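The values are calculated or read from the model by the stated rules, or taken from the named source; none is laboratory data. All of these numbers come straight from a predicted model, not from anything done at the bench. Backbone-built Cβ (ideal geometry, glycine too); neighbour counts: all protein chains shown. These area figures cover heavy atoms from the full protein model, side chains too; ligands, DNA and RNA do not enter into them. Shrake-Rupley method; radii C 1.70, N 1.55, O 1.52, S 1.80 Å.
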Amino acid sequence: MDSSSTRGHPGQALPPAYFTPGSASFTEFLRDAAPELMPQLSDNADVSAEAPHGTTIVALTFRGGVLLAGDRRSTMGNLIAQRDMDKLYVTDDYSAVGIAGTAGIALEMVRLYAVELEHYEKIEGVSLSLDGKANKLATMLRGNLEGALAGLAVMPLFAGYDTSAEDPERAGRIVTYDITGGRYDESAGYHAVGSGSVFAKSALKKRHDPEADIDSAVRNALESLYDAADDDSATGGPDVARRIYPTVVTITGAEGAVRLSEERTAAVAEEVVAGRKQNPGG
């Protein structure tokens, strides 16, 4: 432990803030006890053009669950900043978040969000409901409004499995947000965010099948990302030469939130690429 954290409090392992009753929200505790650790907007000049941005994330429901899939490219202006960025995060046993927008702020926010969910469960003894999880992320987004207005927006895509749903086969949920923290439940069963989202959603409009099994849903998600990469220069398609493939997280009642293995994702992605070679027009 950093000795500076106990300086001025001789004989104590932790400062008084850690023993003061308060909210079950870790974010609120951090804001009061150590505000310098919160994601903050720099006081420097506008750096939005120089900040790496994550691009396309898709979500779709299937019979028995929901999944998130994302490409791996991040961009900085007209340059590729990173080819193998991971934009999907499992945030608890039955939820995951995909991030688009300003990469650095988004990464800090989603990591803090995962800690927030774990902290709540430890303090209260129960997990937040699915609506509670979605609302908590909306609150954190509102805290970044100043940054969003300065061009450093974060656009998360939330997917979760509602363990209290009456029909377990229809318990997969998708929640979208705007930069002000407004949250919206997606009733169509699919959505996409990021620079290639318009092309990915167009593909999902034709391919999405709410009765599909998990394997078909994964294939449809990767097909939509391929379509996005075909028309959006900021979205990275499957890179067979470098063996860089999209990432996928599935969420079901039986297994919870699970990241698909690289081998399984690569196999599906290579099938998609092979299919497009046979039919280049799509």
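One line per residue, one yes/no per condition, for (1) within 25 Å of residue 162 (Cβ to Cβ); (2) of a type in the set (S, T, N, Q); (3) surrounded by 18 or more Cβ atoms within 10 Å (Cβ to Cβ):
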| position | (1), (2), (3) |
| --- | --- |
| 218 | yes, no, yes |
| 221 | yes, no, yes |
| 233 | no, yes, no |
| 242 | no, no, no |
| 259 | yes, no, no |
| 269 | no, no, yes |
| 275 | no, no, no |
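Pick from the stretch 76-117 the residues that are without any contact (Cβ under 8 Å) to a residue 40 or more places away in the chain, assigned to a helix (DSSP H, G or I) and out of contact with any Asp or Glu (no Cβ under 6 Å at 6 or more places or on another chain): which of them is most open to solvent (accessible area, probe 1.4 Å)? Going through the qualifying residues, I end up with 111.
The single condition from (1) without any contact (Cβ under 8 Å) to a residue 60 or more places away in the chain; (2) among the polar types (S, T, N, Q); (3) surrounded by 17 or more Cβ atoms within 10 Å (Cβ to Cβ) that residue 195 fails is (1). Selection of strands (runs of 3 or more DSSP E) fully inside the stretch 134-243 by the criterion of at least 2 residues being of a type in the set (Val, Ile, Thr) returns 172-177. Has the stretch 50-67 got at least one residue that is open to solvent by 30 Å² or more (accessible area, probe 1.4 Å), at pLDDT below 90, outside any loop (DSSP other than H, G, I, E, B) and over 16 Å from residue 248 (Cα atoms)? Yes, some residue in the stretch 50-67 is open to solvent by 30 Å² or more (accessible area, probe 1.4 Å), at pLDDT below 90, outside any loop (DSSP other than H, G, I, E, B) and over 16 Å from residue 248 (Cα atoms). Among the residues of the stretch 125-156, how many are open to solvent by less than 10 Å² (accessible area, probe 1.4 Å) and touching a helix residue (DSSP H, G or I) at 6+ places or on another chain (Cβ under 9 Å)? Total satisfying the criteria: 5.
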